[in-house]
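After the structure tokens below, expect a handful of questions from me.
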Amino acid sequence: MQVVHSGECDRYTMRVTWKEQWKDYSVIVFDYSAVKGPVCIVPVSVFFNSDFVNKKRKMKSYANSGYWWSQIFAVDHELPSLIMKYRNRWDII
């Protein structure tokens with residue numbers, strides 16, 4: 001399990017960060033509780049098989065970054081929407 005704490009989440013945007021090495025874990029916990037946001041428990045297989053993440057992983061800029069990514073997204077973007085589907089899914093752990 002990997003826990004990602006972020007203080008960047010509000011009604012309009014949220015930061016999503018991931019590292020390639022996390023693909024071998026079972027879940028990623030995106031914890032936005034520091035800013036009264038959600039805690040989302042996302043299965044790694046779902047996250048790394050999403051279209052957006054798959055496309056990013058193939059980009060030269062991803063390799064150049066050391067195989068990690070961090071970006072602020074609009075909450076209605078496909079990646080935050082996917083993450084929010086797993087809000088409070090403690091049963092997954």
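Please treat every number below as a calculation from the coordinates, not as lab data. What you see is a predicted model, and the numbers here were worked out from it, not measured in a lab. As a convention, Cβ positions derive from the backbone with ideal geometry for all residues, glycine included, and neighbour counts pool all protein chains shown.
Give me I83, I72, I93 sorted ascending by neighbouring Cβ count inside 10 Å, so fewest comes first.
Numbers: I83 24, I72 14, I93 9.
Listing I83, I72, I93 from fewest to most nearby Cβ atoms yields I93, I72, I83.
Roughly how many nanometres apart are two label points built 7 Å out from the Cα toward the Cβ at S70 and N54?
2.8 nm
Please give the calculated 222 nm ellipticity per residue for the chain, where each DSSP H segment of at least 4 residues contributes -39500 (n - 2.57) and the sum is spread over every residue; nearest 500 deg cm²/dmol? If you can, show how the numbers build up before the last one.
Details: 4 runs with 24 residues, N = 93.
Mean residue ellipticity, 222 nm, calculated: -6000 deg cm²/dmol.
Also, quick follow-up: Quick one: of the DSSP bridges fully inside the chain, what percent are antiparallel, nearest 5?
Details: 14 of 18 bridges.
Percentage antiparallel, nearest 5: 80.
The list (i) 12.4, 36; (ii) 15.1, 54; (iii) 12.8, 43 gives values of Rg and Dmax of the Cα atoms in Å, and only one came from this structure; which label was calculated from it?
(i)
A follow-up question, please. With unit charges on the beta carbons (Lys and Arg positive, Asp and Glu negative) and the dipole taken about the Cα centre of the range 24-93, which residue among W68, V44, I28 sits farthest to the positive side?
W68
If neighbour count is taken as other Cβ atoms inside 10 Å, put W22, W68, W90 in order from fewest to most. Don't skip to the answer; put the middle values down first.
On the way: W22 17, W68 12, W90 9.
Least to most surrounded, the residues fall as W90, W68, W22.
While we're on this one: Short version: ³J(HN,Hα) in whole Hz for each residue of the range 58-67, in order, from phi by Karplus 6.51 cos²θ - 1.76 cosθ + 1.60 (θ = phi - 60°), x for Gly and Pro, what are they?
Here the 3J(HN,Hα) series is 8, 7, 4, 5, 5, 5, 5, 7, x, 6 Hz.
Considering Cα pairs under 8 angstrom that are at least six residues apart, work out the relative contact order of the range 1-90 and quote it in whole percent. Before the final figure, lay out the partial values.
On the way: 150 pairs, mean separation 31.4, N = 90.
Value for the range 1-90: 35 percent.
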